[in-house]
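**Student:** Just passing along the structure, written as structure tokens.
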Amino acid sequence: MRTHRLHSFRTVSSILVASTAIIAGHGIAAGQTGGDWTQYRHTHTNNTHVTSGLDQIYNGAIQTANEVRATPVVADGKIFVGNHDSGELQAFDLASGDLLWQEQAPNWVHSEMIYADGRIFVGFGNRFFDPTHPEGIRGTGESGVLSLDPDTGEQQWRFDTPGEVMPTPAVVGGAVYAVTGDRTLYKLDPTTGDELHTADLGHVVSMSSPSEHDGVLFFGGGAPAPYTFFAYDTAEDEMAWEAEFPEFNRGLDDVPPAVDEGLVVTTANRALFPGIAGPRETHTIVAIDEQSGQERWRHDIGTGPAPTNNRSGAPTISDGVVYVGSPTMSAAYAYDLHTGDQLWRNPIGAIKGAPVIDGEDAYFSTTAGDVYRLDTRSGEITGKLGLEGALAPAGPTIVDDSLMVPSQSRNVYVTPLDEFPAASAPEAPAGSLGSSPDPLGSAETVAGSLGAETGSFDPAY
């Protein structure tokens with residue numbers, strides 16, 4: 001059994017001041033949130049809506065210690081959020097925006113701080129390959145999973161792994177599951193951190209946080225080839241199926257998939273020989289049968305300049321439609337879940353995080369720092385919110401009637417939906433396949449225009 005270590009963390013007593021006025025006093029907010037948050041983005045569809053149970057929640061910019069590249073978790077009247085390369089772990093009061101506690105992880109935090117049965121679980125580790133390891137393990141320095149007390153931040157246990165735990169763990173059937181850069185799936189006791197079971201994956205998992213549905217974990221694996229997609233049965237503690245994709249060599253191990261109506265949807269990339277314009281990749285979306293692992297449909301989103309890191313966009317499923325962004329093609333897309341037919345496209349910019357859907361509104365966040373509201377039926381731009389910092393690789397979520405957006409500016413932005421800035425469409429017909437006067441699809445010039453395919457070099461991770 002792998003050893004786990006118990007450490008004491010230093011609690012930070014100072015309080016960070018949020019950048020806008022507090023709307024609901026100080027201290028712990030009374031009331032209940034929408035229950036536990038047990039997996040990436042709270043739900044297997046990636047369409048995250050949380051009801052807080054509070055009379056009102058904080059709206060404004062909550063300043064954290066460093067870059068935020070994971071979805072803030074809302075539970076127990078709090079917002080739990082970790083920071084990128086500095087590894088701070090924080091809890092903020094959901095009603096006031098006040099910092100309640102801050103602790104320190106040993107390495108990067110790209111995992112969400114998920115919440116289950118009164119405990120926080122979070123992975124840590126970085127994306128660098130260990131050159132000294134004969135098997136090419138991903139993650140240098142310390143890596144593993146932490147459990148924290150949600151009220152104080154006190155560490156309850158620590159489980160060390162040879163490779164990174166950048167994917168968000170999942171709590172299923174009274175156990176914590178984590179996939180890693182050391183090609184292993186770990187099953188842990190949530191109370192003690194003891195190792196209960198391991199499964200050899202044979203492939204590195206970079207940021208493909210498992211999506212849990214009906215007790216099965218779905219996630220993508222990368223090196224070594226062939227890239228492989230997995231379905232792991234937690235009740236039997238064995239693999240339900242594996243699907244190999246030898247044509248992909250990027251991205252499959254980065255994407256947290258979405259699951260609904262019998263289908264698992266993910267995206268991946270195929271790197272091409274560099275041309276005059278530099279490295280290029282083809283971005284592809286794939287739907288897989290949830291029960292059998294058989295491919296049901298695929299669509300080549302397009303070929304463009306290769307993004308750096310986190311190359312594939314995370315999908316969201318809502319009402320039989322898949323919504324996804326592409327950092328390769330700098331555009332947002334909608335596909336019919338069951339046929340794979342492309343419904344619309346809008347070149348609003350490079351998108352890596354999963355969008356959130358609210359009725360006829362789809363909210364996509366870009367690496368340029370903008371959030372676009374698109375009409376789910378036509379793809380037209382109906383609103384645009386300019387924020388600071390790359391909004392990647394995590395996407396927006398909805399808490400009560402507010403949009404929550406994490407940023408590499410180190411802020412978590414919370415904006416009431418009814419205050420989201422509107423954008424008026426020009427006279428160009430909705431759904432037009434003509435060329436766009438602006439390849440980034442600005443709200444001012446191309447609302448409703450689904451213009452020519454354009455990629456962009458994207459330095460944001």
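**Student:** Write down the accessible area per residue of the stretch 51-134 in Å², having rolled a 1.4 Å probe over the full set of protein chains. Working shown, then result.
**Tutor:** Numbers: 2270 Å² over 84 residues.
I get 27 Å² per residue for this part.
**Student:** Once amide H atoms are placed 1.01 Å from N in the peptide plane, what residues at a sequence separation of 5 or more from L196, or on another chain, have their amide H within under 5 Å of its amide H?
**Tutor:** Here the answer is K187, L188, D189, since their amide H atoms fall under 5 Å of that of L196.
**Student:** Hey, another quick one. Quick one: pull the percent of accessible area on the stretch 110-174 belonging to carbon and sulfur, 1.4 Å probe, ligands and nucleic acids left out. Walk me through the intermediate numbers first.
**Tutor:** Working: 980 of 2090 Å².
The computed percentage sits at 47.
**Student:** Based on alpha-carbon centroids, what's the gap between the stretch 241-318 and the stretch 49-88 in Å, whole number please?
**Tutor:** Here the answer is 29 Å between Cα centres.
**Student:** Spelling out what I want: for every residue of the stretch 261-271, take phi, set θ = phi - 60°, compute 6.51 cos²θ - 1.76 cosθ + 1.60 (Karplus), and round to whole Hz; glycine and proline get x.
**Tutor:** Values, residue by residue: 6, x, 10, 10, 10, 9, 10, 7, 10, 10, 6 Hz.
**Student:** What whole-number value in Å² describes the accessible area per residue of the stretch 300-417 for a 1.4 Å probe?
**Tutor:** I get 23 Å² per residue for the stretch 300-417.
**Student:** Return the long-range amide H neighbours of I301 (sequence gap of 5 or more, or a different chain), with a cut-off of under 5 Å between placed amide H atoms.
**Tutor:** Under 5 Å from the amide H of I301 lie the amide H atoms of H283, T284, I285, each far enough along the sequence or on another chain.
**Student:** Same structure, new question: Write down the accessible area per residue of the stretch 215-282 in Å², having rolled a 1.4 Å probe over the full set of protein chains.
**Tutor:** 38
**Student:** Roughly how far apart, in whole Å, are the Cα centres of the stretch 364-421 and the stretch 186-237?
**Tutor:** When both Cα centres are located, 30 Å separates them.
The values are calculated or read from the model by the stated rules, or taken from the named source; none is laboratory data. This one's a predicted model, so the numbers in the text were calculated from it and none came from an experiment. All accessible areas refer to the heavy atoms of the entire protein, side chains included, with ligands and DNA or RNA removed. Shrake-Rupley method; radii C 1.70, N 1.55, O 1.52, S 1.80 Å.
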